[in-house]
Amino acid sequence: MEIQINDQNLDFTIEQNETLGEVVKDIEAWLDGTDLVLYSVKHGDRELLSIPYEQWGPTPHSEVETLEVRVKHARELAGLNLQTILEYLDMLKRSVTASDGNRLGELMSGFPALIESLQKHFPNDPLLQSLGSLFGAGEAKQVLAWSEEKRHQAFELVDLIHARVSFRLQELQDPKAALKTLSGALAVCIEDVSEISILLQTGRDRQAMDTIVRFSDLSQSLVRLVASIFPENSNKDLESFYHELNGVLSELLEAFDAKDSVLIGDLMEYEIAPRLERLRSILQELA
């Protein structure tokens, strides 16, 4: 068997009695630990990864003359998936707006796959549960029967998720531009975080939690971007900053577990806000 990866012959050892399925698994194991992901496996005109394994896996490798394998960088695949999600969300909104029941019905059949893709990029995001409750529980005709108020709420939710997906795509395509955007958002976040103690003391718990969620989202995005732009250990200031911040975040989690609103407010105002200001200064120096 000749194995070609991205049109280049691969020097790959195959055991005598291996099946085609075992060969593909060996290739996946060979790629494990790299930034490359198996994207396509073709034998003749058949795309094996789109066919049930039992239909091709047991085939003796001796019966396969050439195996065409394509791999892609994990970042590239993530970008393609995010782009597909954006296109789906755009079509979903257009179909509801136009009351296109046929098109909406087709989109609804792919809704579980959409949620699965979104969860890979945004695990445990409560917005996805809201999206699933709105669109995943019914059929196209039920969605088209929504009141104007419910349709408006659904569109707001779709637009919010669309914005998050768009920014995650920007993180992959142009991390420096995304970091510049977040640096500006960081200034607003610092002011909001500093007021959490007052919000909690005055009974505005929901507003305080919304601020903490925004801080969490911003923090996670910054970690991804910093790791992407600046190689590990290339900047001692950033390394020291995140080491200290992780310690404070651990205390914050304990405060949440204990439902200690006073400690939560104090940590956000006196520990996290000043560190975010320091991070903003570090990022401005590195930009």
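Taken together, the values in this text are just the output of simple stated rules run on the coordinates, not laboratory data. Quantities reported herein were computed from a predicted structural model and do not represent experimental measurements. Positions of Cβ are generated from backbone atoms using ideal geometry, with glycine treated the same way; all protein chains shown enter the neighbour counts.
Some notes on this structure:
- The calculated P(r) of the stretch 77-171, using every Cα pair and 10 Å bins from 0, goes 16, 54, 27, 3 in percent.
- Put simply, the C-alpha atoms of the chain give a gyration tensor, and the ellipsoid matching it has half-axes of 42, 30, 16 Å, longest first.
- DSSP assigns beta bridges within the chain; of those with both partners inside it, close to 75 percent run antiparallel.
- Gap separating the Cα centres of the stretch 248-287 and the stretch 186-226, nearest whole Å: 9
- One compactness figure for the stretch 175-286 is 1.07, namely its Cα radius of gyration divided by 2.2 N^0.38 Å.
- Fewest-first sequence of D257, D174 by Cβ atoms within 10 Å of each Cβ: D257, D174
- Residue range of the chain that is longest and free of GluC sites (Glu not before Pro) which are both DSSP loop and sparsely packed (at most 14 other C-beta within 10 Å): 140-231
- What separates the Cα centres of the stretch 28-72 and the stretch 131-171 is a distance of 36 Å.
- By the count of neighbouring beta-carbon atoms within 10 Å, fewest first, H61, H73 end up ordered H73, H61.
- Computed over the stretch 2-73, the P(r) tail beyond 15 angstrom holds 51 percent of alpha carbon pairs.
- Neighbour-count ranking [beta-carbon atoms within 10 angstrom, fewest first] of L67, L144: L144, L67
- Using a cutoff of 8 angstrom between alpha carbon atoms and counting only pairs six or more residues apart, the relative contact order for the chain works out to 15 percent.
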